[in-house]
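Undergrad: The structure under discussion is supplied below as structure tokens; questions concerning it will follow.
The values are calculated or read from the model by the stated rules, or taken from the named source; none is laboratory data. A quick note: this is a predicted structure, and the numbers were derived from the prediction, not measured. Cβ coordinates were reconstructed from backbone atoms using ideal geometry, including for glycine residues, and neighbour counts include every protein chain displayed. The protein model used for the area step is the full one, side chains on, heavy atoms only, and it has no ligands, DNA or RNA in it. Shrake-Rupley method; radii C 1.70, N 1.55, O 1.52, S 1.80 Å.
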Amino acid sequence: MTDPRHAMATERGRYYADPAGGPDLISVTNALSSIAKPALVPWGAGLVADHVIGAPIVTARRARTEPTRLRRELVALPTGNADRAKNLGTRVHERAVSLVLNAPYPADPEVEPFAIQLAAWFRLWRVDFDRDIEAIETTVLHRRYGYAGTGDLWVWLPTGPFRRRQLWLIDYKTSAPAPDKPDTVVKPDTVVYDEQPLQLAALRHAPVWLLPDDSDGEALKVRRTGLLNLRPRSHRLIEVPSGREQFRAFLAATRTARYLHNAPSAFDTILPPWAPGSPDRKAA
């Protein structure tokens, strides 16, 4: 999927240009990049360990014959896998849009199992695209707090008392087995990472939808939020909290991100007045 309209990459990460002409708005994911993600370290170490264990003889031979190249490849392994996962997630999002709009989509065997699971989820909840879906891939703005983000799906589901419909904001999350372990059995419990409730809270509490003509629309009140975890052979909707507590935490993350984006990277060394190189000594 191409970047959302008005999104732009900068040296400080993604920002959105405000069509109304105001200051640039930090993206939700950019703001959340200021939060430490401790799970990434063991994940990356596990990838390298699995790679070495999977080919111990070859790895040992290369460690003797081409250690520099081997080290470079092992160091790059987590980043390469993360990039592939991100690319897959982008294509799954594109396929989800085409599914809802009944639009053509080029054949993509890697993506199609996820699309089949998404279609199965829609059937399970008896979602009528015309009646129940309010918006897909829509950018929301919160000018007061200076951020913007793009949500995946706003959909009415019969989850209220007496099956009354409630408006959900749902974020798609794709999970795939490792490329070298296609038969890996996935545990039934799905991890919700620390930043995901904050992401949904930011999108939920933004008061403005950006309409197709770039005008403002008043965002509908979302009752519940969740992650729709899509796997090649299963799917699961997980309700995620996104209330005031999570929203306040997100706003703290935006302040941290802006500070880090604008903080100086170099500082003066302080010397005693009599030391060589001291400005005070030169003045004397």
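Undergrad: Scan segment 1-18 residue by residue and report those that are assigned to a loop (DSSP other than H, G, I, E, B), open to solvent by less than 50 Å² (accessible area, probe 1.4 Å) and not acidic (D, E).
TA: P4, A17
Undergrad: Further question: Just to confirm my filter: which strands (runs of 3 or more DSSP E) fall fully inside segment 197-238 and include at least 2 residues that are closer than 22 Å to F122 by Cβ?
TA: 224-231
Undergrad: Can I ask one more? In segment 47-89, which residue that is among the acidic types (D, E) and assigned to a helix (DSSP H, G or I) is nearest to L227 (Cα to Cα)?
TA: Out of the qualifying residues, it is D83.
Undergrad: Which residues, counting only those in segment 61-70, are surrounded by 12 or more Cβ atoms within 10 Å (Cβ to Cβ) and not acidic (D, E)?
TA: R61, R62, A63, L70 - these are the residues of segment 61-70 that are surrounded by 12 or more Cβ atoms within 10 Å (Cβ to Cβ) and not acidic (D, E).
Undergrad: List pairs: first residue in segment 110-138 and part of a helix (DSSP H, G or I), second residue of a type in the set (V, I, T) anywhere in the structure, Cβ distance under 7 angstrom, at least six positions apart or on different chains.
TA: Note: pairs meeting the criteria are F114/V92; F114/T174; F129/V100; D132/V155.
Undergrad: Right, another one. Only residues that are open to solvent by 60 Å² or more (accessible area, probe 1.4 Å) and out of contact with any strand residue (DSSP E or B) (no Cβ under 8 Å at 6 or more places or on another chain): list them for segment 113-142, please.
TA: I116, R123, L124, R126, D128, F129, D130
Undergrad: Hey, another quick one. Which one of these is loosely packed, with under 14 Cβ neighbours inside 10 Å and modelled with pLDDT of 95 or more: G243, G226, G217?
TA: From the options G243, G226, G217, the qualifying one is G243.
Undergrad: Could you tell me which residue of segment 19-47 is modelled with the lowest pLDDT, considering only residues that are over 30 Å from Y147 (Cβ atoms) and open to solvent by less than 40 Å² (accessible area, probe 1.4 Å)?
TA: Out of the qualifying residues, it is L47.
Undergrad: May I pose another question? Taking D83, is it open to solvent by 40 Å² or more (accessible area, probe 1.4 Å) and over 22 Å from the mean Cα position of the chain (by Cα)?
TA: Here the answer is no, as D83 does not meet what is asked.
Undergrad: Taking Y259 and the conditions (1) without any contact (Cβ under 8 Å) to a residue 24 or more places away in the chain; (2) farther than 19 Å from V28 by Cβ, which numbered condition does it fall short on, given that it satisfies the others?
TA: (2)
Undergrad: Say whether the condition of being within 23 Å of S27 (Cβ to Cβ) and small (G, A, S) is met by at least one residue in segment 98-111.
TA: no
Undergrad: Filter segment 178-214 down to the residues that are surrounded by fewer than 16 Cβ atoms within 10 Å (Cβ to Cβ) and farther than 30 Å from G54 by Cα, then identify the one that is modelled with the lowest pLDDT.
TA: Here the answer is D194.
Undergrad: Working only within segment 91-109, note down all residues that are open to solvent by 50 Å² or more (accessible area, probe 1.4 Å) and closer than 19 Å to D132 by Cβ.
TA: Within segment 91-109, L101, N102 meet the criteria.
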